[in-house]
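The values are calculated or read from the model by the stated rules, or taken from the named source; none is laboratory data. Since this is a predicted model, take the numbers as computed values, not measurements. Heads up, the Cβs are rebuilt from the backbone with ideal geometry, glycines too, and the neighbour counts pull from every protein chain shown.
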Amino acid sequence: MTSSSLLITAEDVTIPVTVQTRSHLPPGDVFRIVVPIDLSLIFKGWGPFPGVRGAHHQTGGWDAAGQSRNPDLTDGSTALERLTEYTAPHSFAYEITAFTGPMKRLVMGVRGEWTFTPDGHGTLIRWTYEFKPLPRRRWLLRSIVIPLWRRYMQHGVDGASRAAAELAAAVR
């Protein structure tokens, strides 16, 4: 993939948000469970942000750059999500564009990245969401959306850790 095909390049001014949590599972186990997980198990919605009901039109097993899907949100909106990086068992990244809900009025798209790094006997799970704002939307994102979005993300990353622990325990 060339940089010209990426949503966000080094020349863009973006708004990043990062959250993290810990898991008692090793990084490889968390990665193996979280990357292909049913999104509805993690993203229940919080505050003004919808949950995820599932995903449609997924190409592949969500295990290689270039695969895509359409997340189906609980408010009836959707988007296009494309996996841009997949480095098992350490990280994956994706871009989300073609929003049909309120985000279409705020951003050209976002880049998300999840990393899974050793943390003692467990894993530090870190999620970064990088917004590429539409013209004249930066202030609105920074002052209103981002503070709320950070809390939504924290609920999501905590939910991912919890779901990974539950799913790992269920197969033991």
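Values for this structure:
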quantity: Hits in segment 33-53 (condition: within 20 Å of residue 113 (Cβ to Cβ) and in a strand (DSSP E or B)); calculated: 49, 52
quantity: From 53, 22, residue being farther than 17 Å from residue 91 by Cβ and in contact with a strand residue (DSSP E or B) (Cβ under 7 Å, 6 or more places away or on another chain); calculated: 53
quantity: Set 123, 100: member being among the β-branched types (Val, Ile, Thr), over 16 Å from the mean Cα position of the chain (by Cα) and farther than 24 Å from residue 53 by Cα; calculated: 123
quantity: Criterion: in contact with a Ser or Thr (Cβ under 6 Å, 6 or more places away or on another chain) and touching a residue at least 40 places away in the same chain (Cβ under 8 Å) - qualifying residue of 88, 65; calculated: 65
quantity: Pairs, first among the acidic types (Asp, Glu) in segment 6-31, second part of a helix (DSSP H, G or I), C-beta under 7 Å, six or more apart; calculated: 29/168
quantity: Sole residue being buried (at least 19 other Cβ atoms within 10 Å of the Cβ), in a helix (DSSP H, G or I) and at pLDDT 95 or above, chosen from 110, 19, 30; calculated: 30
quantity: Members of segment 91-107 found to be outside any strand (DSSP E or B) and of a type in the set (A, V, I, L, M, F, W, C), listed by number; calculated: 98, 99, 103, 106
